[in-house]
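Right, one structure below, let's go through it.
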Amino acid sequence: MFAGQSQLLVLKLKPRPAGHVIGTAADSPVAGQPSSVCTRKNTFLVVDGSCDSYVECIEFVPVHKTCPDGLYYDPAVKWPGYPCGYPADVPCKGRGAAQAAEPTKDCPHQFGFFASTVASPNDCGRYRMCVAGHAVEMSCPTGLAFNPILSRCDWPFNVPSCNVDAFLAYKCPAASIDASGNAIVTNHKYEGNCYAFYSCEAGESRLLSCDAGLAFDPTTGYCVDEDREFVPIQMSCPDGLHYDPSVAWPNYPCGYPSDVPCQGRGVAQQAEPTKDCPHQFGFFPSLTATSDCGRYRMCIAGYSVEMVCPTGLAFNPSSSRYNGNCYAFYSCESGIARLLSCDTGLAFDAASGYCIDEDKVACPANPAVAPVSAQPLIAAPST
């Protein structure tokens with residue numbers, strides 16, 4: 001069976017360089033025909049004993065690839081999606097070992113989320129995001145603490161290293177129990193914010209917020225309709241991101257321009273460029289690629305990281321997205337376009353306007369987008 005079906009085809013392969021074509025001259029696949037490894041084209045296969053290696057079958061040609069250091073191969077991802085994910089989302093238990101770490105001065109792995117080394121002892125919400133070996137200090141949403149075991153933000157009382165009382169600046173009153181022996185939940189005012197409150201259960205505190213349109217009433221201990229004015233605070237999204245009016249509080253309201261157009265709304269803030277990035281955040285054309293249309297730059301806090309589109313797709317600088325393959329199509333309704341993709345085994349037929357068996361669709365080769373390693377290319381940070 002194949003990856004993506006009811007069972008996974010597991011290959012017993014020795015470690016090979018990413019991008020290595022599997023096989024010899026004797027068993028080289030015939031163009032357009034199944035091979036001894038790839039009996040189905042355009043799919044991913046699991047490599048036995050490895051958390052981060054996999055095989056990509058590109059038109060029946062098996063190519064051995066390895067996820068970037070710090071990421072694991074996700075067998076659940078369908079081709080041509082990006083098959084590498086963070087360990088917190090893609091557990092490796094029982095699957096084998098990962099590649100040797102490639103640490104830098106600030107990062108134990110090239111990619112991942114780790115405990116901050118500069119945060120104060122009582123600042124449990126700070127953590128470090130590593131992108132291509134570069135560390136960017138980040139903060140969890142208000143009231144949450146970084147859990148280094150899970151590599152994600154969590155309730156403070158789930159993080160053994162966090163001094164919850166000092167972090168939240170609040171200590172719950174002694175726990176009370178009802179007639180059935182269950183802990184009673186009590187809510188308490190959070191000073192300085194009418195929408196937030198502390199919720200205590202069995203002596204453990206959570207910093208929560210009321211839903212949109214409600215405010216916390218310390219008299220009743222519940223969120224009620226807001227019936228008074230509050231002081232507005234004007235804020236700005238980071239350079240390169242736009243404010244999204246459709247986001248409901250308290251979610252993060254900033255997004256990339258390709259997802260949050262600013263047409264007719266005014267102008268954006270002045271750019272804060274670095275040596276490699278025109279904006280602090282965003283996706284831009286690669287400065288190092290020449291004829292490789294699939295290469296682009298991802299900018300995070302002014303750091304530039306060279307990235308690669310999934311096989312067969314090209315980066316579109318006008319939309320900051322990739323385009324150009326037989327498996328994707330635009331669906332238009334009332335003048336609104338959506339970029340969709342066919343299910344596995346199907347390709348888009350321009351004549352009928354539907355997804356049909358991929359073997360019945362003649363997909364033109366795109367020589368500008370060659371099979372490449374899944375390893376992002378590291379760009380030197382700005383100085």
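Every read-out reported here was derived from the displayed coordinates using simple, explicitly stated rules and does not represent laboratory data. No experiment lies behind these values; they were computed from the predicted model shown. Glycine gets a Cβ as well: all are built from the backbone with ideal geometry, and neighbour counts include every protein chain shown.
Below, the figures for the structure above:
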{"item": "Convex hull volume of the range 112-167 per residue (C-alpha atoms, cubic angstrom)", "result": "68 Å³"}
{"item": "Proxy reagent accessibility, fewest Cβ within 10 Å first, across CYS299, CYS237", "result": "CYS237, CYS299"}
